[in-house]
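Take a look at the structure below.
The values are calculated or read from the model by the stated rules, or taken from the named source; none is laboratory data. What you are looking at is a predicted structure, and each value in this text was computed from that prediction instead of being measured. Positions of Cβ are backbone-derived with ideal geometry, glycine not excepted, and every protein chain shown enters the neighbour counts. Protein only, heavy atoms only, side chains kept; ligands, DNA and RNA dropped before computing areas. Shrake-Rupley method; radii C 1.70, N 1.55, O 1.52, S 1.80 Å.
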Amino acid sequence: MPRLANNEHCTGCMCCTDSCKQGAINIIEDKNGLWYPMIDEQKCINCLLCEKRCQEICNGISLQRNPISYYTPLTAWNKNNDQRSLSTSGGVFAALASIILGKGGVVCGATIANNRVKHIFVSSLKELPRIQGVKYIQSNLQGIYQQVRTYLEAQQVVLFTGTPCQIAALYSYLGKKRNKANLYTAEVICHGVVSNLILDKHLEYNHAEQIISFRTKSLGWGKDTYTTVIKNGKKVTLENRHKNFFYHAFTSDTVTRPSCYQCRYATIERVADLTMGDYWGSKQSQTEINRGISLLIVNNIHGQQLVERCTNLHTETTHWDLCLPRNPRLYCDKHECKNISITTHLHFLFAYTPRFIVKNIAGPRITKRSFLAYLRAIYVIKRKKIIDRRVEVELKQTLKRLKNENEKSRNINIPPFH
């Protein structure tokens, strides 16, 4: 039998199930709301392809990271206000996707369906809004890697977007023979994925039937931590911060997938062609900030080709000491938070403890209205101060390293866009 990553280290990228030509690996959602692979022993022929393509089993030995000497951080936003308003921050992804779709290519991204997230392909601008906006729970990618390969073999241009571990999984699945010219990858700055159970309970506690989006800019960017849902058959934004169970649970770092605490991709050496995220602390005008500002990092020549063709994308070169401090997952993991994690106990908590108790343990926020929530939040904050001290050290080391690399002269000729 092949050896798959255990529940502590499995990232849930689902590369193993697409790698199996016998269809012997299924993805199941466990009782704690996390997706894991399961082998059907009757179908398995012990070819070990799943092992060879699993970055956790192979310890990332085949993973190629971009040299940091090339990285270019940019302040960016989409000039198309309609696309920008539908995006979580500055609408960079929509701008990149528009170029690919305009060339007759396809774009792969995450969408919400039946209160779960999954990856899909879109081939037109009309479909693009389906995959815009951030999602904080894990996406199901079964069959997606296979479809990417099919598109590439047909000589189609593909833009694949996802978390860093999903980008790495795609590269691992395609292997050395992948069509690099036609494949572009854009990763999001990932803070870890939350258990699906947290979303289910968030909807239950708010008497909502369906999640529409995890963030909205209806109140302005930076004030967008409210979910939009279907409630009583109507689309509404849940603006009561006291009932924002999902957001409080997410920011507590206590209900994250176990592997995310020791993420091998939370390092300045990035895997994808491009890195996208919120640009917190931007020095732009208040008008632009209210509309959303993106941080876009160009990681290699291939990514720069795509950005330079985005005429609908406004970009300005920024400085590392401005964009890194508010995005620690670009250079530092959060393994200290593993000590306060309750992810593997969620099923027990929700099944056997009163709602009042589990809400104040899984989604703690500082409020003296609830003594239990107050104590839990104080405990979490105290434990997280440990990681805050390490982040400060890691930041100084990363900035020094980037400064040394940037001092090296570069003379790069950009090949033509295909």
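The set of residues in the range 327-354 being farther than 17 Å from residue 254 by Cβ and touching a residue at least 40 places away in the same chain (Cβ under 8 Å) consists of 327, 328, 330, 331, 332.
Output yes when any residue across the range 42-62 is in contact with an Asp or Glu (Cβ under 9 Å, 6 or more places away or on another chain), open to solvent by 10 Å² or more (accessible area, probe 1.4 Å) and in a strand (DSSP E or B), and no when none is. No - not one qualifying residue is present in the range 42-62. Can you tell me which of 390, 383, 369 is part of a helix (DSSP H, G or I) and modelled with pLDDT under 90? 383 is the lone residue from the list that is part of a helix (DSSP H, G or I) and modelled with pLDDT under 90. Applying the condition of being assigned to a helix (DSSP H, G or I) and open to solvent by less than 10 Å² (accessible area, probe 1.4 Å) to the range 140-151 and asking which residue is farthest from residue 16 (Cα to Cα) yields 148. Here is a check on your reading of the model: is residue 119 under 15 Å from the mean Cα position of the chain (by Cα), touching a residue at least 24 places away in the same chain (Cβ under 8 Å) and open to solvent by 30 Å² or more (accessible area, probe 1.4 Å)? When the stated conditions are applied, residue 119 does not pass them. Within the range 300-326, the residues that satisfy the criterion of being in contact (Cβ under 8 Å) with a residue 60 or more places away in the chain, closer than 26 Å to residue 391 by Cβ, outside any loop (DSSP other than H, G, I, E, B) and hydrophobic (A, V, I, L, M, F, W, C) are 320, 323.
Conditions tested, residue by residue: (1) open to solvent by less than 30 Å² (accessible area, probe 1.4 Å); (2) within 30 Å of residue 225 (Cβ to Cβ); (3) aromatic (Phe, Trp, Tyr); (4) not in a helix (DSSP H, G or I).
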site: 64; (1), (2), (3), (4): no, no, no, yes
site: 69; (1), (2), (3), (4): no, no, no, no
site: 77; (1), (2), (3), (4): yes, yes, yes, yes
site: 82; (1), (2), (3), (4): no, yes, no, no
site: 85; (1), (2), (3), (4): no, yes, no, no
site: 90; (1), (2), (3), (4): yes, yes, no, yes
site: 98; (1), (2), (3), (4): yes, yes, no, no
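Note on the range 199-214: residues that are open to solvent by 40 Å² or more (accessible area, probe 1.4 Å) and under 19 Å from residue 89 (Cβ atoms) total 1.
Selection within the range 28-41: residues that are open to solvent by 30 Å² or more (accessible area, probe 1.4 Å) and of a type in the set (A, V, I, L, M). The member of this set that is farthest from residue 63 (Cα to Cα) is 28.
When 174, 170 are checked against the criterion of being under 25 Å from residue 271 (Cβ atoms), open to solvent by less than 40 Å² (accessible area, probe 1.4 Å) and without any contact (Cβ under 8 Å) to a residue 60 or more places away in the chain, a single residue qualifies: 174.
A quick yes/no check of all residues on (1) among the acidic types (Asp, Glu); (2) open to solvent by 30 Å² or more (accessible area, probe 1.4 Å); (3) modelled with pLDDT of 95 or more:
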| site | (1), (2), (3) |
| --- | --- |
| 245 | no, no, no |
| 249 | no, no, no |
| 253 | yes, no, no |
| 259 | no, no, yes |
| 264 | no, yes, no |
| 272 | no, no, yes |
| 275 | no, no, yes |
| 278 | yes, no, no |
| 281 | no, yes, no |
